[in-house]
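Student: Questions regarding the structure given below will be posed in turn.
The values are calculated or read from the model by the stated rules, or taken from the named source; none is laboratory data. Bear in mind the structure is a predicted one, so any value in this text is a computation, not a measurement. Cβ placement follows ideal geometry from the backbone for every residue including glycine, while neighbour counts extend to all protein chains displayed. The area values use the complete protein model at the heavy-atom level, side chains included, leaving out ligands, DNA and RNA. Shrake-Rupley method; radii C 1.70, N 1.55, O 1.52, S 1.80 Å.
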Amino acid sequence: MSKETNSAEVILNQNVAPEQFDWDSFESGLDADARKEKSDLEEIYNGSLSSLNDNDVITGKVVRLTDKEAIVDIDFKSEGVISLNEFRYNPGLKVGDDVEVMVDRREDKTGQLQLSHKKARTLKAWDRVNELHETGEIVNGFVKSRTKGGMIVDVHGIEAFLPGSQIDVKPIKDYDQFVGKTMEFKVVKINPEFKNVVVSHKALIEADIEGQKKEIIAQLEKGQVLEGTVKNITSYGVFVDLGGVDGLIHITDLSWSRVNHPSEILEDGQTVKVVILDFDDEKTRIQLGMKQLEAHPWDALSADMKVGDKVKGKVVVLADYGAFVEIAPGVEGLIHVSEMSWSTHLRSAGDFVKVGDEVEAEVLTLDREDRKISLGMKQLSKDPWENIEAKYPVGSEHVGTVRNFTNFGVFVELEEGIDGLIYISDLSWTKKIKHPSEFCAVGDKLNVVVLELDIQARRLSLGHKQLTENPWDKFETKYAEGTVHTGSAVEVHDKGASVQFEDAEVEAFCPSRLLEKEDGSKIKKGETAEFKVIEFNKEFKRVVVSHTGIFRDEEKKNAREASNNRSNNNNNMSSSNNIEERSTLGDIDVLAELKKKMEGGK
């Protein structure tokens, strides 16, 4: 029997009060001295081990490797086991290496300590990434794969997103070329809630470019010749990379010759020499030129060229007002539309030439100082106004084409370059024309007679009505004042009516007050009646008539006749009275006759 058993028996056999009973000795089977010795040993053992909490990150040492696991000592009462899958990024792991681990659980159901290297690495990496974001420090990352809109990059064990727009300063078409590469990045954005990290490689390039840009800008001077690379081509010019600084060559500064689009001269990626023309105060907008590196074409223009010379060239630009013709590389002259034809009808230049046409012209003006030249085409053909008096003498008759109207007349072309004007008053002897379009249309053929010729002013006055006899000469007799004619009211308005006689060439006017008929009503449109001419003016071709005057004149005539009749009756009575006065009272026969007359009067 052991010592401890004997002690217990002694205690049980003793008659001891319950409150004095040693329960610790009874439960542990140790007396007080033995228990104290055990407690001291436990304190010494616990003091030699780390105190652990779940999710703590600590450093451990690899003490043994198996085919699938790494055994890690973290100075705890038991060792932890970690799958080798968590060390795939580190295939050179060996015994004795220090590794960071996280305590998943102090003990599982088998009493085994559970550790995780991956979680520890991720937690540490997150802290490190936050630190990199705050400091802006550059970090190396491994491009794992491509994803929608960009790439997935491993940064200290965290999968960060690299947007496609943040890979390079230039647009990237092939993302796959970066997969599997280790590159430098800058952490540009963190979302703590979703544990998202965004990195950028472009930011590092831009930072380098910015540094280079400052160095380049500090050295820029007007007139400086540099070499650059075509970066972007637009319709208005070309952007050139000067080594971190962009400059613009405007389309007009690409070549001395006319350029329709910059792509005719340059292409993307092409290396070119340029000269600095100008820049703003901050030198952020740099104006470049290419043509300035070559001699001006005008300097090479023949010194013998003069006004009157004939030149050949190619139409390079066409406008309504004229055409620009390149007569030498970079030297253009303008042929105004008025110099393309002797015709005075200004048309579009496109009616005569088109872009690409080879034309011959005469030098009209030449300004070497302002580098301007004007040309003419019509000068190469004979001026139609030469010997104009022989072709179109005053009084000669011709057939022309109506070209256009004005409010005051019609322009008629007799031949190319020869136009004449028919005033509206010379179109018809009888018709009252408010606008020439009432008489003819553009393109109509019209018989004309030359009325006047002004060679110096290059003007022809034409007439149309002069081809026929003036009918107003005979109308002067036919429609003399006081004559009466039958006519029809073709138009009736507030002021009166237009009256058409049987002679269709004459149209008279009847004032409104003179349209009144005998019954008090007025003549209406389309109604036929008799009209009396009360005014005839040959010079102004005016005939004024009256309908009311016809029956009122008749009334006046009847009134005059009645008045005359009354006068005759009075005269007869006076004669009778005289006879009576001459009779004597003694004359019985006379008295008897007088009595009869008096009775008959009753």
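Student: Can you name the residue in region 414-428 that is surrounded by fewer than 18 Cβ atoms within 10 Å (Cβ to Cβ) and at pLDDT below 90 and, of all such residues, is nearest to the chain's Cα centre (by Cα)?
Tutor: GLU416
Student: Out of the residues in region 507-517 that are open to solvent by 40 Å² or more (accessible area, probe 1.4 Å) and modelled with pLDDT of 85 or more, which is nearest to ALA480 (Cα to Cα)? Walk me through how you get there before you give the answer.
Tutor: At the first step, the residues of region 507-517 found to be open to solvent by 40 Å² or more (accessible area, probe 1.4 Å) are 507, 509, 513, 516-517.
Filter once more, so that each one left must be modelled with pLDDT of 85 or more: 509, 513, 516-517.
On the way: PHE509: 15, ARG513: 21, GLU516: 22, LYS517: 23 Å.
This residue is PHE509.
Student: So, one more: Need the failing condition index for GLN287 against (1) under 19 Å from SER374 (Cβ atoms); (2) open to solvent by 40 Å² or more (accessible area, probe 1.4 Å), just the number.
Tutor: Only one criterion is unmet by GLN287, namely (1).
Student: Report, by residue number, each residue of region 531-553 that is among the acidic types (Asp, Glu) and at pLDDT 90 or above. Spell out the reasoning first.
Tutor: First pass over region 531-553, keeping only residues among the acidic types (Asp, Glu): 535, 539, 553.
Matches in region 531-553: GLU535 only.
Student: In region 295-324, which residue that is exposed (fewer than 12 other Cβ atoms within 10 Å of the Cβ) and among the charged types (D, E, K, R) is nearest to MET340 (Cα to Cα)?
Tutor: ASP320
Student: For THR468, which of the numbered conditions (1) β-branched (Val, Ile, Thr); (2) closer than 27 Å to VAL394 by Cα; (3) in contact (Cβ under 8 Å) with a residue 24 or more places away in the chain; (4) touching a strand residue (DSSP E or B) at 6+ places or on another chain (Cβ under 7 Å) fails to hold?
Tutor: Among (1) β-branched (Val, Ile, Thr); (2) closer than 27 Å to VAL394 by Cα; (3) in contact (Cβ under 8 Å) with a residue 24 or more places away in the chain; (4) touching a strand residue (DSSP E or B) at 6+ places or on another chain (Cβ under 7 Å), THR468 violates only (4).
Student: Quick one: which residue in GLY400, GLY350 is touching a strand residue (DSSP E or B) at 6+ places or on another chain (Cβ under 7 Å) and closer than 27 Å to GLY463 by Cα? Full working, then the answer.
Tutor: Values: GLY350 fails: closer than 27 Å to GLY463 by Cα.
GLY400 is the lone residue from the list that is touching a strand residue (DSSP E or B) at 6+ places or on another chain (Cβ under 7 Å) and closer than 27 Å to GLY463 by Cα.
Student: Scan region 83-94 and report the pairs whose first residue is under 13 Å from LEU65 (Cβ atoms) and in contact (Cβ under 8 Å) with a residue 12 or more places away in the chain and whose second residue is open to solvent by less than 100 Å² (accessible area, probe 1.4 Å) and in a loop (DSSP other than H, G, I, E, B), with Cβ atoms within less than 8 Å and a gap of 6+ or a chain change.
Tutor: Listed by first residue and then by second, the contacts come to LEU84/LEU93; PHE87/LEU93.
Student: Right, another one. Residue check, VAL402 against (1) of a type in the set (A, V, I, L, M, F, W, C); (2) touching a Cys at 6+ places or on another chain (Cβ under 6 Å); (3) open to solvent by 60 Å² or more (accessible area, probe 1.4 Å), all met but one. Which one?
Tutor: (3)
Student: Another one. Output the residue which, of all residues in region 141-169 that are of a type in the set (Val, Ile, Thr) and either closer than 30 Å to HIS117 by Cβ or in contact with a Leu (Cβ under 7 Å, 6 or more places away or on another chain) (or both), is most open to solvent (accessible area, probe 1.4 Å).
Tutor: Of region 141-169, the ones of a type in the set (Val, Ile, Thr) are 143, 147, 152-153, 155, 158, 167, 169.
Going one step further and asking which of them are either closer than 30 Å to HIS117 by Cβ or in contact with a Leu (Cβ under 7 Å, 6 or more places away or on another chain) (or both), we end up with 143, 147, 152-153, 155, 158.
Working: VAL143: 1, THR147: 52, ILE152: 37, VAL153: 0, VAL155: 2, ILE158: 16 Å².
Among those that are of a type in the set (Val, Ile, Thr) and either closer than 30 Å to HIS117 by Cβ or in contact with a Leu (Cβ under 7 Å, 6 or more places away or on another chain) (or both), it is THR147.
Student: Does at least one position in region 118-127 carry a residue that is modelled with pLDDT of 85 or more and surrounded by 18 or more Cβ atoms within 10 Å (Cβ to Cβ)? Write out each step before concluding.
Tutor: If we filter region 118-127 for residues that are modelled with pLDDT of 85 or more, which is where we start, we get none.
No, region 118-127 contains no residue that is modelled with pLDDT of 85 or more and surrounded by 18 or more Cβ atoms within 10 Å (Cβ to Cβ).
Student: Another question, then. Show the residue pairs that are 6+ apart or on different chains and have beta-carbon atoms under 7 Å apart, the first residue being within region 427-450 and within 15 Å of LYS541 (Cα to Cα), the second being open to solvent by 30 Å² or more (accessible area, probe 1.4 Å) and part of a helix (DSSP H, G or I).
Tutor: ILE433/ILE424
Student: Something else now. Testing VAL410 on (1) over 48 Å from the mean Cα position of the chain (by Cα); (2) surrounded by 12 or more Cβ atoms within 10 Å (Cβ to Cβ), one condition comes back false. Which one is that?
Tutor: (1)
Student: Additional query: List pairs: first residue in region 358-381 and farther than 20 Å from ALA303 by Cα and open to solvent by 30 Å² or more (accessible area, probe 1.4 Å), second residue in a strand (DSSP E or B) and of a type in the set (Asp, Glu) anywhere in the structure, Cβ distance under 8 angstrom, at least six positions apart or on different chains.
Tutor: From residues that are farther than 20 Å from ALA303 by Cα and open to solvent by 30 Å² or more (accessible area, probe 1.4 Å), the pairs are MET377/GLU360; MET377/GLU362; GLN379/GLU362; LEU380/GLU360; LEU380/GLU362.
Student: Which of the residues that make up region 333-355 are over 28 Å from GLU413 (Cα atoms) and open to solvent by 40 Å² or more (accessible area, probe 1.4 Å)? Working first, answer last.
Tutor: Keep residues of region 333-355 that are over 28 Å from GLU413 (Cα atoms), which gives 333, 355.
Scanning region 333-355 gives a single hit, VAL355.
Student: Check VAL95 against each of (1) farther than 26 Å from ILE172 by Cα; (2) open to solvent by 50 Å² or more (accessible area, probe 1.4 Å); (3) part of a strand (DSSP E or B); (4) modelled with pLDDT of 85 or more and name the one condition it does not meet.
Tutor: Failing condition for VAL95: (3).
Student: Looking for whichever is at pLDDT 85 or above and open to solvent by 50 Å² or more (accessible area, probe 1.4 Å) here; the options are GLU107, GLU69. Which one fits? Even if it seems obvious, please write down each step before you answer.
Tutor: On the way: GLU107 fails: at pLDDT 85 or above.
Result: GLU69 is the single residue among GLU107, GLU69 that is at pLDDT 85 or above and open to solvent by 50 Å² or more (accessible area, probe 1.4 Å).
Student: Out of the strands (runs of 3 or more DSSP E) lying entirely within region 184-247, which hold 1 or more residues that are open to solvent by 20 Å² or more (accessible area, probe 1.4 Å), in contact (Cβ under 8 Å) with a residue 40 or more places away in the chain and out of contact with any Phe, Trp or Tyr (no Cβ under 7 Å at 6 or more places or on another chain)? Steps first, answer last, please.
Tutor: Working: elements: 196-200, 225-233, 237-241.
Of the strands (runs of 3 or more DSSP E) lying wholly inside region 184-247, those with at least 1 residues that are open to solvent by 20 Å² or more (accessible area, probe 1.4 Å), in contact (Cβ under 8 Å) with a residue 40 or more places away in the chain and out of contact with any Phe, Trp or Tyr (no Cβ under 7 Å at 6 or more places or on another chain) span 225-233.
Student: How do the pairs read when you match residues in region 531-552 that are free of Cβ contacts under 8 Å to residues at least 24 places away in the same chain with residues anywhere that are open to solvent by less than 50 Å² (accessible area, probe 1.4 Å) and of a type outside the set (A, V, I, L, M, F, W, C), using Cβ under 9 Å and keeping only pairs 6 or more apart or on different chains?
Tutor: ARG552/SER546
Student: Still on this structure, please answer the following. Scanning for something among the β-branched types (Val, Ile, Thr), modelled with pLDDT under 90 and outside any loop (DSSP other than H, G, I, E, B), does region 268-284 turn up at least one residue? Let's see the steps before the verdict.
Tutor: Our first condition is that a residue be among the β-branched types (Val, Ile, Thr); within region 268-284, this holds for 271-272, 274-276, 284.
Now drop any that are not modelled with pLDDT under 90, which leaves 284.
If we keep only those that are outside any loop (DSSP other than H, G, I, E, B) as well, we get none.
No; the residues of region 268-284 include none that is among the β-branched types (Val, Ile, Thr), modelled with pLDDT under 90 and outside any loop (DSSP other than H, G, I, E, B).
Student: Which residues, counting only those in region 288-338, are among the small types (Gly, Ala, Ser) and within 14 Å of THR365 (Cα to Cα)? Explain how you work it out, then say what you get.
Tutor: Let us first name the residues in region 288-338 that are among the small types (Gly, Ala, Ser), namely 289, 295, 300, 302-303, 308, 313, 319, 322-323, 328, 330, 333, 338.
If the condition is that a residue be among the small types (Gly, Ala, Ser) and within 14 Å of THR365 (Cα to Cα), then GLY308, GLY333 are the ones that fit.
Quick grid of which residues meet (1) open to solvent by 20 Å² or more (accessible area, probe 1.4 Å); (2) among the acidic types (Asp, Glu):
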{"residue": "HIS464", "(1), (2)": "yes, no"}
{"residue": "GLU491", "(1), (2)": "yes, yes"}
{"residue": "PHE531", "(1), (2)": "no, no"}
{"residue": "PHE540", "(1), (2)": "yes, no"}
